[in-house]
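Participant: Take a look at this one; I'll ask things after.
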Amino acid sequence: MLVLGALAGCGGQGSSSVSGPGGESASPAAEQPTSYDYRLTSTCGERGFLGTFDVTVRDDEVVRATAVRRYRGRVRLGEVPTLTDLVEMAEGADGDAVVDLRVDRRGRPTSLRIDHRPDAIDDEECYAVDHLELRP
């Protein structure tokens, strides 16, 4: 079930939503930049990659990720999603998943929440994108 773009897991039927500024429907298929810096906050669920990170992406590959807060251990670059990865995660979620992908006016992700199994706990993934700076 999806309520105004916020998730409320009920029942076993999946749904998805892509929202742009002002709540209007937006397409996640917009071409994403390939070189940029951004801050990613990863929350929800019981998984290893939780916290806030400053991320550097070049040629659509994560080349650096530095924990800003709430992370113990070493950051594995393979766990850090690019903007393209976030869109692909939303588009590739299983049919029962509840997906809420928010994008800006250019179609760039600003947040993603996936509840893979609405009838289970601690399987959610939540991401927020801030401080996006495009690079040549």
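Participant: In percent, what relative contact order does the stretch 25-136 have, based on Cα pairs under 8 Å that are 6 or more apart in sequence?
Facilitator: Relative contact order comes out at 32 percent.
Participant: Mind listing the phi-derived Karplus ³J(HN,Hα) values for the stretch 36-52, rounded to whole Hz, using 6.51, -1.76 and 1.60 with θ = phi - 60°, and x for any glycine or proline?
Facilitator: Along the stretch 36-52, the couplings run 6, 10, 7, 10, 10, 10, 10, 9, 6, x, 10, 8, x, 8, 10, x, 10 Hz.
Participant: Taking θ = phi - 60°, what integer Hz values does the Karplus form 6.51 cos²θ - 1.76 cosθ + 1.60 yield along the stretch 127-136, in sequence order, with x for Gly and Pro?
Facilitator: In residue order, the calculated couplings are 9, 10, 10, 9, 6, 6, 10, 6, 10, x Hz.
Participant: Give the long-range amide H neighbours of SER35: residues separated by 5 or more places, or on another chain, with amide H under 5 Å away, using H modelled in the peptide plane at 1.01 Å from N.
Facilitator: Close amide H contacts, sequence-distant or interchain: ASP59, ASP60, ARG135.
Participant: Can I ask one more? Residue by residue through the stretch 107-113, what is 3J(HN,Hα) from phi via Karplus (6.51 cos²θ - 1.76 cosθ + 1.60, θ = phi - 60°)? Round to whole Hz and write x for glycine and proline.
Facilitator: Running phi through 6.51 cos²θ - 1.76 cosθ + 1.60 with θ = phi - 60° gives x, 8, x, 10, 7, 9, 10 Hz.
Readers should treat all values here as calculations from the given coordinates under stated rules, not as data from a laboratory. Only a predicted model underlies this, so the values are computations on that prediction, with no experimental measurement involved.
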